[in-house]
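The values are calculated or read from the model by the stated rules, or taken from the named source; none is laboratory data. These numbers were taken from a predicted model, which means no experiment stands behind them. FYI the Cβ positions are ideal-geometry reconstructions off the backbone, even for glycines, and counts take in every protein chain you see.
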Amino acid sequence: MPLPTALTQRLGISHPIIQAPMAGGSDTPALVAAVGEAGGLGTVGAAYLAPAQILDAAKSVREKTRRPFGINLFSPLPAPTPPKDYTAAIAQLASYFADLGLPAPTPPGPPAYSFDDQMAAVLESGATVFSFAFASVPAATLAAAKARGMTVIGTATTVEEAVALEKLGVDAVAAQGSEAGGHRGSFAQPFEDAMIGTMALVPQTVDAVRVPVIAAGGIMDGRGIAAAFALGASAVQMGTAFLTCDEAGPPEAHKQAILNAREHETRITRAFSGRPARGIVNRVMTDLADAEIPEFPLQNALTRPMRTAAGKAGKADYLSLWAGQGLRMARRQKAGDLVQKLVKETEEALGRLG
Ligand SMILES: Cc1cc2nc3c(=O)[nH]c(=O)nc-3n(C[C@H](O)[C@H](O)[C@H](O)COP(=O)(O)O)c2cc1C
């Protein structure tokens, strides 16, 4: 691809294509390694992994490839305020649990590990990139990652967030447009005030910061990559396009839902995790659209058994079907083939533009 940038050189990759971190098992070591082998940057979404699991995942990637790869965490957040009593939160999930043959959920206990524990594993992992979303990270975390020679990428959903991350000292900003699948990375304002489309967010961010900007949200093929570069991006970060790849780990029902859904069938919901995220509308999302939902990560812990059982049973109605608005362009393929196709399509798109 005729698009080497200062960022691709710094990251040591051939193509400016980053496979988005996708915490929750979608970004398997096989996916991360396949993207790396094809010349992109694979990323392990480690937000829900215990420190030992982070080290295992990184080891598994390193056994499959010698290419660079990234690890991503959710930034440390203030402790959530639990509901005064969990009766209503449990009652509104009880029928789904019963349908899946599960006992009703129980109130979540305290977290088993901290961000600092996870970060210690990230620093030992051999990853060359550390990325984060949901907030800023402590200056000491950033310094520790940089001292290891890691490139640090923060996630912004507004220009103000990007400027704040640049001030903190990140090496690049992932500008997450409102089309994006999965959780919103917003932290400086309510997410409703930060639903800026990729087309508008990327150039305004590029104008406001000096660090490289990575475009994310709704980018599914070479036309999207060429467009992102026209807007001033130095790379793209793609999640949904990689979710339906053979090596990706979401339940088959999730892959099928993406392949069958259309661009108007996703919404932002708090129903599964307590934090706004974009997914394909299903029964749980519809039922709980106006419900009072415990804060992240309490709701995430409450719904986990339901999501795990639904994945095994192939019941899409109870899964968090994270996906972006570009999902009509999703294809079932090998991740390496997707990267190669993206490179070719980008060249064609740029060629058509002369
Ligand atoms: C299933 C899924 C899980 C995601 N998990 C994470 C995550 O753990 N950390 C993160 O920074 N972004 C996460 N994202 C958001 C991506 O980084 C990125 O912003 C998004 O995928 C871009 O939009 P697209 O899906 O339209 O390509 C996730 C996205 C999806 C689809």
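Across region 48-81, the number of residues qualifying as in a loop (DSSP other than H, G, I, E, B), out of contact with any strand residue (DSSP E or B) (no Cβ under 8 Å at 6 or more places or on another chain) and among the small types (G, A, S) comes to 2.
In region 327-353, the residues that are of a type in the set (S, T, N, Q) never reach a residue that is assigned to a helix (DSSP H, G or I) and at pLDDT below 95 with C-beta atoms less than 9 angstrom apart, at least six apart or across chains. In this structure, E63 qualifies as surrounded by fewer than 15 Cβ atoms within 10 Å (Cβ to Cβ) and at negative phi. For beta carbons closer than 7 Å, sequence separation of 6+ or different chains, a first residue in region 101-115 that is in contact (Cβ under 8 Å) with a residue 40 or more places away in the chain and a second that is of a type in the set (V, I, T) and part of a helix (DSSP H, G or I), the qualifying pairs are P105/I90. Just to be sure, is Q189 surrounded by fewer than 20 Cβ atoms within 10 Å (Cβ to Cβ) and either within 19 Å of the chain's Cα centre (by Cα) or more than 13 Å from the ligand (Cβ to nearest atom) (or both)? Yes, satisfied. Here region 102-140 is the region considered, the condition is being of a type in the set (V, I, T) and farther than 23 Å from R62 by Cα, and the residue that is farthest from the chain's Cα centre (by Cα) is T106. Looking across region 223-259, the residues that are closer than 30 Å to A6 by Cα, among the small types (G, A, S), touching a helix residue (DSSP H, G or I) at 6+ places or on another chain (Cβ under 7 Å) and within 14 Å of the ligand (Cβ to nearest atom) come down to A228, A233, A235, A241, A248. For region 313-329, the condition holds for no residue, the condition being that it is farther than 19 Å from L243 by Cβ and in contact with a helix residue (DSSP H, G or I) (Cβ under 8 Å, 6 or more places away or on another chain). Scanning region 93-137 for residues that are in contact with a strand residue (DSSP E or B) (Cβ under 8 Å, 6 or more places away or on another chain) and surrounded by fewer than 16 Cβ atoms within 10 Å (Cβ to Cβ) yields no hits at all. Taking I268 as the residue in question, decide whether it is of a type in the set (A, V, I, L, M, F, W, C) and assigned to a strand (DSSP E or B). The answer is yes for I268. In this structure, G311 does not qualify as in a loop (DSSP other than H, G, I, E, B) and either within 16 Å of the ligand (Cβ to nearest atom) or more than 29 Å from V339 (Cα to Cα) (or both). Among the residues making up region 76-93, those that are small (G, A, S) and either touching a residue at least 40 places away in the same chain (Cβ under 8 Å) or at positive phi (or both) are A88, A89.
Residues that are over 17 Å from I153 (Cβ atoms) and within 16 Å of the ligand (Cβ to nearest atom) within region 59-74 comprise just one, V61. Scanning region 207-221 for residues that are surrounded by fewer than 17 Cβ atoms within 10 Å (Cβ to Cβ) and either within 11 Å of the ligand (Cβ to nearest atom) or not in a loop (DSSP other than H, G, I, E, B) (or both) gives D207, A208. Being farther than 17 Å from I219 by Cβ and near the ligand (Cβ under 9 Å from one of its atoms) holds for only one residue in F130, F134, and it is F134. Among the residues of region 222-262, those that are in a loop (DSSP other than H, G, I, E, B) and within 18 Å of G36 (Cα to Cα) comprise S234, G239, T244, D246, E247, A248, G249.
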